[in-house]
Each structure stands twice: as structure tokens, then as C-alpha cells.
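> First the structure, which I've put down as C-alpha cells, then a few questions once you've had a look.
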Amino acid sequence: MSEQSRSTGRIRGTGSRRRKPSRRHRAKVVAAWTVAGVVVVGGAGLGYAYLALDGNLSSIDIDAKLGTDRPDDVDDGSQDILVLGSDSRSGDNGKYGEDEGAARSDTAMVMHIDKGHKSASVVSIPRDTLIERPACESDTTGDEVPAEHRAMFNTAYEVGGPACAVKTVESMSGIRMDHYLEVDCTGFKELIDELGGVEITTKTAIDDSKSHLDLEPGTHTLNGEESLGLVRTRKSVGDGSDLGRIQLQQAFIKALMEQAKSVGVLTSPTKLYGLADAATKAVTTDSGLGSVKKLTGFAGGLKGLDASNVHMVTLPVEYDPADPNRVLPQEEAGRQVWAALQHDRPIPASATDESAGDKGEAAEIVE
């Protein structure tokens, strides 16, 4: 573990925090993997606590909101899940920035589980991707929000909530989302702490002024606050854009999956309940996963997955010539990615060879 900062106030590898996190806070999606890991590891032992834990869960009926104008529901045993991290500043999340009255989804991943449930492909969608956003119903007023050309991807959640985010991803990919999972910021930190931290080895020093993280090269067990700092880090990764942050986040997710599977919760009912309690408080699901029994059944089908058979990529993109702070989908490469998921095949390496989001900068920082 690295020593505490003497004067910078940044998060050091010891677990202490001297400064509040920066305003932009896009780490929440990582908690979804903790939720899955916790339930997979301890699923069989959750029965005694179903009633109490059910009261923690929030769910949304995506099917009722979207109706029948959706891609076909392919019943071949595979599953596609949209995992989002919302950026609300209300409630406990207010410490991470001012509540501006509207939440955004600054992190999104489409997780495809193959029909044998032995492997998975995960496609990260950069928040700044300019897309054709379909018309959606506002989740606050019920009014129709018109379609928009060259809209940032993360505005779909802002204008229409979870249902619009799902509709937008389905429009982009041609794939029906079987489930939806949204993760809360504060819950992420609590889950990491309940797990006892996550071990990360840094190949080079991380010194990031925006995420307030300061780590020397070496192996660190990061607590919840430090983990938030790591997955927020982007200024010191690659070109400093959201693309480098996504790669760093993916590396952390794999470490998190290994940690979740290594925790001996089955031998400790108290430990199991603490993890399950934190996990169920951290997420909002679609109604198909809206109970502990349903969530446990879903996660039980993922027991064969570990970091070695989960393939993570970023949607193939290129920088927008009109605005270097935005990216555009690479149409042909994107079709290859979505076709692989549709046909339950591995994503070909060639699909991301020319993508601005797959240059491997994060692999030079953590392992």
C-alpha cells in the first residue's frame, strides 16, 4: 500500500480521504459486477433473508413502457443486459456534485451471456458517442420527447429515463435487452468495503488531479473510496478522454469479479447478509429481476463465468472531426460487434482494430 499524501489531499492507497471527490463521477456501473458476484457466490444462502432484502430493491417495468415496437425476443438461452450507472446528485449522491435536477447515465455496458452461460461479451458505450436518439416518452411528464440527430448517448437517460436508454441501445444494436440493471454511486463504495477491498497492481504511478487518486507502482488493496477514485481516473490514462477511463474501468471490473468469487461468504451468514444487503440497496432493475428470488435465479446461471471468459471491448468509435470532445460510431465495425452478439459468437478482434477506444492504454497501467 502506498503512503498517505502529506499535502496534496488526494486519495492514497491507505484508505483515507482528505478531499471530496470531483464533480464528475462516472464509476457506478462497476458496482453491478459486484452485485452479480455477490449473488453468484452466495445465492443459495439468501433464502433466509428474502423478505428483508426484497424491500431494498427498486424495479421498473421496461416492457410496459416500451410496448411491442422492439427487436425480436430471441429465446435461445442467451441473454443481453443493459448495465447503466446513473449520475443523479440527489440524496446521498449529493456529496459528489450539485443536484442539477436531471440524472444522466455516464457509463453504459451491454453484457451478452452466451446460450451455454459459459462466456460473456461486454460492450462499453462511450457516453460522448453521437447517435440517432429515437423518440421517447419522458419518465417525468409522460410527454413524447422527439428523436434527435447527433445526440450524445448519455442524454437518452436524461430525457426519458431507463426505458429511453433501453430503447436507444436497442435502436443502435438491433438487439432486444432481456434485462436492465442500474447502479447507485454510494452503493458501489459500500459494496467494495463490504467485500474487504479489491486488489489492484499498478505497473506505473497514478497521479490524477481530477479523481484525486495518487498510487505508487505496486500492489494495493483499494477500499471503496479509493476504488471510486481509480475508476474515475481518466486524465492520466491515454489521451485523457473518456475512452481511456473505460479501459481502466474494464481492468478494474475483472479484478472485482475475481475478488467477489474469492470472498468466503458461504461460511459466514453475517458476511453474506451484509454483502447482500448492500448489493440490493445499490441497484434498480427491470421487473424481470425485481425480487431477490429472481435476481438470485439470474445470477445463479452465471456461476460458470469468471474474468478469464469475459471479453470486454469498447464500441468501435472515431473522434468527431467537428468536435474532438465527441466520438462517432464506426458503422461497419459496429455492425460486426452487434452481429456477433446477435448470433451468439465471439466479437472478432478485427472489429475493434481501428477504433479510437481500443488502443490498450489502460493495460500499461494496471494488471
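> Would it be correct to say that Thr140 is of a type in the set (Ser, Thr, Tyr) and surrounded by fewer than 20 Cβ atoms within 10 Å (Cβ to Cβ)?
yes
> If you don't mind, there's one more thing I want to ask. Looking only at region 40-78, how many residues end up being open to solvent by less than 40 Å² (accessible area, probe 1.4 Å), within 21 Å of Pro162 (Cβ to Cβ) and at pLDDT 90 or above?
So the answer is 6.
Condition check ((1) at pLDDT below 85; (2) in contact with an Asp or Glu (Cβ under 9 Å, 6 or more places away or on another chain)) across all residues:
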site	(1), (2)
Gly238	yes, yes
Lys261	yes, yes
Lys281	no, yes
Ser291	no, yes
Thr296	yes, no
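> While we're on this one: Can you work out which of the residues in region 207-230 that are open to solvent by less than 10 Å² (accessible area, probe 1.4 Å) and part of a strand (DSSP E or B) is nearest to Ala260 (Cα to Cα)?
Restricting to residues being open to solvent by less than 10 Å² (accessible area, probe 1.4 Å) and part of a strand (DSSP E or B), the top hit is Leu222.
> Now for a separate question. Which one of Val166, Val145, Val122 is over 20 Å from Ile81 (Cβ atoms), touching a helix residue (DSSP H, G or I) at 6+ places or on another chain (Cβ under 9 Å), surrounded by 19 or more Cβ atoms within 10 Å (Cβ to Cβ) and in contact (Cβ under 8 Å) with a residue 12 or more places away in the chain?
Val145
> Testing Gly160 on (1) crowded, with 21+ Cβ neighbours inside 10 Å; (2) more than 22 Å from Thr314 (Cβ to Cβ); (3) at pLDDT 95 or above, one condition comes back false. Which one is that?
(3) is the only condition that Gly160 fails.
> From the list Gly357, Gly334, Gly304, which one is part of a loop (DSSP other than H, G, I, E, B) and either of a type in the set (S, T, N, Q) or under 29 Å from Ala151 (Cβ atoms) (or both)?
Criteria check complete, one pass: Gly357.
> Restricting to region 274-296, what's the tally of residues that are part of a helix (DSSP H, G or I) and either open to solvent by less than 20 Å² (accessible area, probe 1.4 Å) or touching a residue at least 12 places away in the same chain (Cβ under 8 Å) (or both)?
16
> When the residues of region 175-190 are narrowed to those that are at pLDDT 85 or above and under 18 Å from the mean Cα position of the chain (by Cα), which ends up most open to solvent (accessible area, probe 1.4 Å)?
The selected residue is Glu190.
> Looking at region 90-119, which of its residues are closer than 26 Å to Asp69 by Cβ, at pLDDT below 90 and open to solvent by 40 Å² or more (accessible area, probe 1.4 Å)?
Within region 90-119, Ala102, Arg104 meet the criteria.
> Now for a separate question. Could you list, in sequence order, the residues of region 157-174 that are under 13 Å from Ile62 (Cβ atoms), more than 15 Å from the chain's Cα centre (by Cα) and among the small types (Gly, Ala, Ser)?
If the condition is that a residue be under 13 Å from Ile62 (Cβ atoms), more than 15 Å from the chain's Cα centre (by Cα) and among the small types (Gly, Ala, Ser), then Gly160, Gly161, Ala163 are the ones that fit.
The values are calculated or read from the model by the stated rules, or taken from the named source; none is laboratory data. Computed from a predicted structure; not experimentally measured. Methodologically, a virtual Cβ is constructed for each residue, glycine included, from the backbone with ideal geometry; neighbour enumeration extends over all protein chains shown. Keep in mind that these areas ignore ligands, DNA and RNA; they rest on the heavy atoms of the full protein, side chains included. Shrake-Rupley method; radii C 1.70, N 1.55, O 1.52, S 1.80 Å.
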